[in-house]
1. Given the criteria part of a loop (DSSP other than H, G, I, E, B), in contact with a Leu (Cβ under 8 Å, 6 or more places away or on another chain) and closer than 23 Å to Val43 by Cβ, does Leu109 qualify?
2. Give the residue, chosen from Ala36, Ala77, Ala47, that is out of contact with any Ser or Thr (no Cβ under 7 Å at 6 or more places or on another chain) and within 20 Å of Met1 (Cα to Cα).
3. How many residues does segment 109-136 contain that are under 17 Å from Ala36 (Cβ atoms), within 14 Å of the chain's Cα centre (by Cα) and surrounded by fewer than 14 Cβ atoms within 10 Å (Cβ to Cβ)?
4. Return yes when Val119 is farther than 21 Å from Val8 by Cβ, out of contact with any Asp or Glu (no Cβ under 6 Å at 6 or more places or on another chain), hydrophobic (A, V, I, L, M, F, W, C) and assigned to a helix (DSSP H, G or I) and no when it is not.
5. In the list Glu106, Glu80, which residue meets the criterion of being at pLDDT 95 or above, more than 15 Å from Val8 (Cβ to Cβ), acidic (Asp, Glu) and crowded, with 16+ Cβ neighbours inside 10 Å?
6. Among what's in segment 1-54 and is of a type in the set (Ser, Thr, Tyr) and without any contact (Cβ under 8 Å) to a residue 24 or more places away in the chain, pick the residue that is nearest to His96 (Cα to Cα).
7. Please state which of the following conditions Gln88 fails to meet, knowing it meets all the rest: (1) polar (S, T, N, Q); (2) in contact (Cβ under 8 Å) with a residue 12 or more places away in the chain; (3) surrounded by 12 or more Cβ atoms within 10 Å (Cβ to Cβ).
8. Could you check segment 1-48 and list, in sequence order, the residues that are of a type in the set (Asp, Glu), within 14 Å of Asp114 (Cα to Cα) and surrounded by fewer than 21 Cβ atoms within 10 Å (Cβ to Cβ)?
Amino acid sequence: MALVDSTVWIDLLRGNDSPAVMTLRRLLAEGQAVTAPVILQEVLQGASSPANLQRLREHFLALPMVEPAPGGVTHAAAGELYARCRWQGVTPRSPHDCLIAQLAIEHDLPLLHDDRDFVALAGMDGRLRLMVVAPVS
């Protein structure tokens, strides 16, 4: 199982064949791709029409989904991760990335992504495991 960031889902939906998309295709075929509510939100907010929104919603709600811990625990930890980054002179472009990273950490899932901010986040918290994808040859 692997948590898949919206960057990879969006590339798949756009028909890109990046190494991360190729890995996502394999994960989907094996039933190993996982999403999260924040990733669902990021994908849906880019829908091109009401019909497209409905198709995306149905597809993504059918996927296995990891949930944040109750009581705001996950969000608090994501906020702490963002603050630790800032203290080290690194400001993630999206606070959602910290939440996604925290979800991957809490659920002990590797993260499939195509976003340089996750590399910086992994440097801040060694518990974040990033999937390494082989370049297409």
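1. Details: part of a loop (DSSP other than H, G, I, E, B): yes; in contact with a Leu (Cβ under 8 Å, 6 or more places away or on another chain): yes; closer than 23 Å to Val43 by Cβ: yes.
Against the criterion (part of a loop (DSSP other than H, G, I, E, B), in contact with a Leu (Cβ under 8 Å, 6 or more places away or on another chain) and closer than 23 Å to Val43 by Cβ), Leu109 qualifies.
2. Ala36
3. Matching residues across segment 109-136 total 0.
4. Values: farther than 21 Å from Val8 by Cβ: no; out of contact with any Asp or Glu (no Cβ under 6 Å at 6 or more places or on another chain): yes; hydrophobic (A, V, I, L, M, F, W, C): yes; assigned to a helix (DSSP H, G or I): yes.
Taking the combined requirement at face value, the residue does not satisfy it.
5. Glu106
6. Taking segment 1-54 as the starting set, the residues that turn out to be of a type in the set (Ser, Thr, Tyr) are 6-7, 18, 23, 35, 48-49.
Still in the running and without any contact (Cβ under 8 Å) to a residue 24 or more places away in the chain: 48-49.
Details: Ser48: 21, Ser49: 24 Å.
Checked segment 1-54; the qualifying residue nearest to His96 (Cα to Cα) is Ser48.
7. Every condition holds for Gln88 apart from (3).
8. First pass over segment 1-48, keeping only residues of a type in the set (Asp, Glu): 5, 11, 17, 30, 42.
Pick out the ones that are also within 14 Å of Asp114 (Cα to Cα) and you get 5, 11, 17.
Result: Asp11, Asp17.
The values are calculated or read from the model by the stated rules, or taken from the named source; none is laboratory data. All values derive from a computational prediction rather than experimental measurement. So basically every Cβ, Gly included, is an ideal-geometry build from the backbone, and we count neighbours across all protein chains shown.
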